[in-house]
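Taken together, the values in this text are just the output of simple stated rules run on the coordinates, not laboratory data. Just so we're clear, the structure is a prediction, and the values are computed from it rather than from any experiment. Methodologically, a virtual Cβ is constructed for each residue, glycine included, from the backbone with ideal geometry; neighbour enumeration extends over all protein chains shown.
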Amino acid sequence: MYNQFLNKDNKIAIVGVSNDKDKWGRKIFDKLLEADYKVVPVNPKYKQIEESTCYSNLKEIPFIVDLVITVVPPEISFNVIRECKQLGIEMIWMQPGSESDEALDFCEKNNLECISNACFVVDGMKTKFCYK
């Protein structure tokens, strides 16, 4: 399952990115940029993160993303996941603390591939499954 999530050809939206480099959303964003992933920040509080345009929501992104990583509270993650379903985005990675039973049930009932209780950087990128 990790293979499809870690494919560097994926266009990845990170929901919950901040200008604060000490926050997890920003750490993940920076780490993925550094590793040459194609990432786009999503947070309604910002217009830009470094040199990247930051979008208020997934619908604003002018292209289809393959994967959404949530780094937000569980109630926001659930709304993001419903938006993913509407947009046809089928891969979701909920960072630890971002998941909820409601969100996981929604993913299962709607055939959305979902990883939770694992950090994309620590548990994902550092596995043998990460490939280009």
Taking 0.36 nm per intervening residue step and subtracting the Cα-Cα distance, what contour gain separates LYS8 from LEU33 on full extension? 7.9 nm
Could you tell me which of the pairs LYS27/LYS109; LYS38/LYS85; LYS23/LYS47; LYS8/LYS45; LYS11/LYS85; LYS23/LYS85 are separated by over 25 angstrom between their Cα atoms in the structure shown? LYS27/LYS109; LYS8/LYS45; LYS23/LYS85
Candidates PRO44, PRO96, PRO62: whichever shows maximal mean-square fluctuation once the chain is modelled as a Gaussian network with Cα springs under 10 Å: PRO62
Rel. contact order, % - alpha carbon contacts under 8 angstrom, at least six apart, the range 27-122: 22 percent
Karplus ³J(HN,Hα) for the range 28-39 (6.51 cos²θ - 1.76 cosθ + 1.60, θ = phi - 60°; Hz, whole; x = Gly/Pro) runs 5, 4, 4, 5, 5, 4, 4, 8, 6, 7, 8, 10
Testing the spin-label approximation: label points 7 Å from Cα along Cα→Cβ at ASN57 and LEU87. State their distance in nm. 1.0 nm
Could you give the dipole magnitude of the chain about its Cα centre, charging the beta-carbon of Lys and Arg +1 and that of Asp and Glu -1, in debye to the nearest 20? 340 debye
Which values, in whole Å and largest first, are the semi-axes of the equivalent ellipsoid of the chain obtained as the square root of 5 times each eigenvalue of the Cα gyration tensor? 19, 18, 14
Just rank GLU34, GLU60, fewest to most, by other beta-carbon atoms within 10 angstrom. GLU34, GLU60
Just going by the charge dipole of the range 50-105, with Lys and Arg at +1 and Asp and Glu at -1 on Cβ, which of SER98, PHE78, VAL65 is farthest out on the positive end? VAL65
